[in-house]
1. Can you pull out every residue in segment 1-19 that is without any contact (Cβ under 8 Å) to a residue 60 or more places away in the chain and of a type outside the set (S, T, N, Q)?
2. From Val85, Val31, Val15, which residue is at pLDDT 85 or above, surrounded by fewer than 13 Cβ atoms within 10 Å (Cβ to Cβ) and β-branched (Val, Ile, Thr)?
3. Residue by residue through segment 8-33, note down the ones that are farther than 16 Å from Asn65 by Cβ and part of a loop (DSSP other than H, G, I, E, B).
4. Checking Leu24 against (1) buried (at least 16 other Cβ atoms within 10 Å of the Cβ); (2) without any contact (Cβ under 8 Å) to a residue 24 or more places away in the chain, only one condition comes out false. Which one?
5. Restricting attention to segment 33-56, does a residue exist that is of a type in the set (Lys, Arg) and under 12 Å from the mean Cα position of the chain (by Cα)?
6. Which of the residues belonging to segment 34-53 are assigned to a loop (DSSP other than H, G, I, E, B) and at pLDDT 80 or above?
7. Quick test for you: out of Leu60, Leu50, pick the one residue that is touching a residue at least 40 places away in the same chain (Cβ under 8 Å) and on the phi < 0 side of the Ramachandran plot.
Amino acid sequence: MEAIIIKPNEENVEVIERDKPFELYELQKLVGGLIEVVPHAIGNMGLKKLMVVNEEGLILDLPYNEQASNLLTYFNPYGIRGTAVLMDEGLME
């Protein structure tokens, strides 16, 4: 399984191969704080992925993450702020 790290203001993403679920502290370190899980499907086949973001991204005025915001399947007027981790459901305990 893989996780994709999407950082704001960067065109390239980082792909991490995992064979076990993330621990909470690992996700907190990746997004820089408390986590919020954003469920969504990608594409017509309904591939189930989770997006983990910083729960306080808007409050902390983290940079807007255009790439991650474009992946949302619902309307969010504020978009994603800060680093996002897009991953298979199996990587979350």
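1. Within segment 1-19, Glu10, Glu11, Val13, Glu14, Val15, Ile16, Glu17, Asp19 qualify.
2. That would be Val15, the only listed residue that is at pLDDT 85 or above, surrounded by fewer than 13 Cβ atoms within 10 Å (Cβ to Cβ) and β-branched (Val, Ile, Thr).
3. Within segment 8-33, Arg18, Asp19, Lys20, Pro21, Glu23 meet the criteria.
4. (1)
5. yes
6. Across segment 34-53, the qualifying residue is only Leu34.
7. Result: Leu50 is the single residue among Leu60, Leu50 that is touching a residue at least 40 places away in the same chain (Cβ under 8 Å) and on the phi < 0 side of the Ramachandran plot.
The values are calculated or read from the model by the stated rules, or taken from the named source; none is laboratory data. Predicted, not measured: the structure shown is a model, and the values here were computed from it. Please note: Cβ atoms are built from the backbone with ideal geometry, for glycine as well, and neighbour counts cover all protein chains shown.
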